[in-house]
Each structure stands twice: as C-alpha cells, then as structure tokens.
Amino acid sequence: MINLEEKDPELFDVLKREAKREELTLELIASENFTSKAIMEMAGGVMTNKYAEGYPGKRYYGGCEVVDEAENIARDRLKKLFGCEYANVQPHSGSQANMAVFMTFLKTGDTIMGLDLAHGGHLTHGSPVNFSGQLYKSVSYHISKEEGRVDFDEVSKVAKEHKPKLIICGGSAYPRYIEFEMFKEVAESVGAYLMSDIAHPSGLVAAGVHPSPMEYCDVVTSTTHKTLRGPRGGVIMMGKDFENKWGKVAPKSGRTKMVSELLDSSVMPGVQGGPLMHIIAAKAVAFGEALEPEFKTYAQNVVDNAKAMGDEFLELGYDLVSGGTDTHVLLIDLSNKGINGRHAENILGKAGIALNKNMVPFDTRSPFVTSGIRVGTPALTTRGMGKAEMRQVVQWINKAIVDSENESNLNRLRSEVEAFCLDYPIYKD
Ligand SMILES: Cc1ncc(COP(=O)(O)O)c(C=O)c1O
C-alpha cells in the first residue's frame, strides 16, 4: 500500500511539522503527555478497521475473536493496575466515561454536586454549558480562600441542603491529593453515591504515589492520556461491583442487575456505538507499561519535578494556589505579577513554552482571560528531565513574564529552549 508521504504529501507535511513542534517545545500542559512508540504503533494499526459493537464474547459483528483478546487483556491489566473488580475500557474519552456513569446512576433532573469549573472542576462535573449541567440539576462546592483546598465545611453544607444523588470528586486543576475519604464521609451522611474522576492523577494512583479511590468511591472514571501516558481515551472502574438499588432487573430471569452490567449498557449502546478497537488495544499496551516497575519511578519523578518547580516559583515570588502541590499540577495566580493568564500563555508560546491560562479560585477575570496559568510535569518528565531542569524551565518562564513586551527577549528565550529540547529527544529517530 502507498504510505502517507506518497499518498498525501500535504498532510504528511502537517504531521511532520507537528512532530517538530512537539520536539522543540517545552510541553507544560498538565493534561498532555507523550506515549511510547509501541502505543502509537498499536493505535495506528489494523484494528482501526474492525467493527466490534458489544463486548468480548457478545458482539453484534462477526470476526471479533482477535480483537476480543485485545479488549480482555486491556480489562485484565486495568483491573490489576488499580486493584479493582470492574473495568470498562471502551469510552472514547473521559467525558463519555462520565456521561455513561451519569446515565447509570441518575435520571434526568436528578441533582449532582461537583467542584465548580472556575475552582478547578471539569465541564462534565455540572457546568451549565455541558450535558452534565443541562440534563441534571447541578450544585457546586468550592476551594477555600485561605487554604486553596476543597472547603469541606461547604461540601457538607451544600450536600445537606441539596441532597445530591451523586457527588463527584476530582478535577482538572487541583494540585492536591483528592480527599477521597472525606468525600466518602459526606456522601454517606446524605445517602449520595460517590464518583471520583481521576482523569488527572490516574497515573500517579496506578503507581501508588497518590491515594487510591477504590475503597471509598462507588465508581471511578479516568482518561488514559494524561499521567497514565496512554492513547487518548476513557475508562470506568469500580473497586467492588454491587447490585443496583434502583429496580433494574434482567428481563428473563428477573434477577437484580449488577451495576457493572448497567455501566456496560450505558457505554454501549447508551452513549457509544462501535468501540475504537485500535485504541482499546493501545490502552492495553499502556496499562502493560504502567504495570512495569519503571512506571513507579516515572510517576515519583513527575511529582518530585512538580515540587521542584513549585519551590522555584515560590523563590521567585509567585503565588501558588494551595501553596504548592502533591501531584503533577501547579496552579499559579499571576495577579501579583501584573500579567493575566491569556497574555502569559501567548508570550510563553512565543518563547517555546506551552501551557494554558487557567482560572484561579475567586478569579475576577473571565475564562477567556483568567488570572492564572496551570503547569504540569508529566510530559517533560517523560523526556527524561529532572529537578534541575525544572528549575531552569521556571527561570525561563520568569524571564519571559518579567519582560513580556520585549520580542527580542522572547526570541532569545525560544532559541535557548529549542537548543535545550534537542538534548531531550522524545522519539529518538
Ligand atoms: C477531570 C477531567 N475529567 C474529564 C476530562 C475529559 O476528558 P476528555 O477530554 O477525554 O473528554 C478531563 C479532561 O481534561 C478532566 O480533566
């Protein structure tokens, strides 16, 4: 068959330029990472050709016996990695995993409670612009102004007042451990189900450098492409399966259905059609990598690097939400530096440093401007950078921010950044 370069030179060129951009940029977007070539080989392989609606052994299409093996391996490895009884590896994304959980545990109009998007939550945790805030009644909890951590007095108060059916813990810009145990107490006190969305720290959880939600939460969702360093996608897990308490029975036997069965049906046919078998197989490769001892070292380095970065920012007078990090993320309030998040993102982009503007708790600016930036260490750690390099990166960020209108300063920084990146190739060839 003709390869991409011959078949479509225009897009081959786009691909080549993206590869170059990734190699020559310092990637600090906390939700991004670089997969191994083995994962990309699987994700770009022949399983993209296969339709396999259903689950292993119960497909609506023939010829699924080989892809069944891939999905079974993915499920088994995921269960081993997180010590859980149930795993669904089909969600195309983290958002679709969350949607399938809501479809299982909730009826339209039921109340959900999650961390406010503007305080570090995620769109799918009840934002009015997302299905989660449109199909369900959504109430939010927040970060405490003093501590920069979840305000559990408020969590308790809001839960008692609104009696949510589902409480969601976890978020997109929360630098601290997710407090599963404390959420569990609140959920129990109001009879709510507890879901944790560990999209961000799941790689750290898998490696044992972040507490595990499995014994506290009824259901757990994650993406596979952030700290877990797999292909883009989502998963759903349960530490322990249980019988549903909302009257769903199997049609023939009349037996009460297990929640695992309902979750499976919510993913397919509820939310999705045919699974992406190439991605499921690539997830299996990623879970295999995460089960190796080297992944524990990687995850510990991710956290150590984030702490080193945090220390350097503090020494340079930056204001870190919650004063630091337990994870791979730092949330930085730039209010005392006279620059907003959008401008910082733009000028740092010119200096070859990719990160995102981010609202900080109690932000007075809009989500399009913001007062802060979010930085993360998963991608740079994958490149083999350590604590000294993190301090160097912070120095460059600071140099760009303190002289942000000076184009020649930004150009000079870019040259230094590019030369530095060449010493840490992502894909050696
Ligand atoms: C906490 C959290 N949940 C869910 C998602 C959604 O994942 P996806 O972008 O794969 O839909 C994200 C993505 O950033 C996230 O941070």
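The values are calculated or read from the model by the stated rules, or taken from the named source; none is laboratory data. All figures in this text were calculated on a predicted structure; none of them were measured in a lab. Quick reminder, even Gly has a Cβ in these numbers, built from the backbone with ideal geometry, and neighbours come from all protein chains shown. We work out accessible area using only protein heavy atoms, side chains counted, and drop any ligands, DNA or RNA first. Shrake-Rupley method; radii C 1.70, N 1.55, O 1.52, S 1.80 Å.
The condition of being surrounded by fewer than 19 Cβ atoms within 10 Å (Cβ to Cβ) and part of a helix (DSSP H, G or I) does not hold for Glu146.
As a summary of the residue check, Cys64 satisfies the conditions (1) buried (at least 18 other Cβ atoms within 10 Å of the Cβ); (2) touching a residue at least 24 places away in the same chain (Cβ under 8 Å); (3) over 18 Å from Thr221 (Cβ atoms) except for the one numbered (2). All conditions in (1) of a type outside the set (Gly, Ala, Ser); (2) within 15 Å of the ligand (Cβ to nearest atom); (3) surrounded by fewer than 23 Cβ atoms within 10 Å (Cβ to Cβ) hold for Lys157, with the sole exception of (2).
Only residues that are more than 16 Å from the ligand (Cβ to nearest atom), touching a helix residue (DSSP H, G or I) at 6+ places or on another chain (Cβ under 7 Å) and not in a helix (DSSP H, G or I) were counted across region 231-279, and they come to 5. When Met195 is tested against the conditions (1) part of a strand (DSSP E or B); (2) open to solvent by 10 Å² or more (accessible area, probe 1.4 Å), the lone failure is (2).
Quick check: anything in region 104-111 away from the ligand (no atom under 16 Å from the Cβ), open to solvent by 10 Å² or more (accessible area, probe 1.4 Å) and touching a helix residue (DSSP H, G or I) at 6+ places or on another chain (Cβ under 7 Å)? Checked region 104-111: at least one residue is away from the ligand (no atom under 16 Å from the Cβ), open to solvent by 10 Å² or more (accessible area, probe 1.4 Å) and touching a helix residue (DSSP H, G or I) at 6+ places or on another chain (Cβ under 7 Å). Of the residues contained in region 319-336, one or more are found to be without any contact (Cβ under 8 Å) to a residue 24 or more places away in the chain and in contact with a helix residue (DSSP H, G or I) (Cβ under 9 Å, 6 or more places away or on another chain).
Per this entry, Gly234 is counted among residues that are under 29 Å from Phe34 (Cβ atoms), of a type in the set (Gly, Ala, Ser) and in contact with a His (Cβ under 9 Å, 6 or more places away or on another chain).
Considering every residue within region 80-88, establish whether at least one is under 17 Å from the mean Cα position of the chain (by Cα), open to solvent by 10 Å² or more (accessible area, probe 1.4 Å), closer than 30 Å to Ala207 by Cβ and among the hydroxyl-bearing types (Ser, Thr, Tyr). No, there is no match, as no residue in region 80-88 is under 17 Å from the mean Cα position of the chain (by Cα), open to solvent by 10 Å² or more (accessible area, probe 1.4 Å), closer than 30 Å to Ala207 by Cβ and among the hydroxyl-bearing types (Ser, Thr, Tyr).
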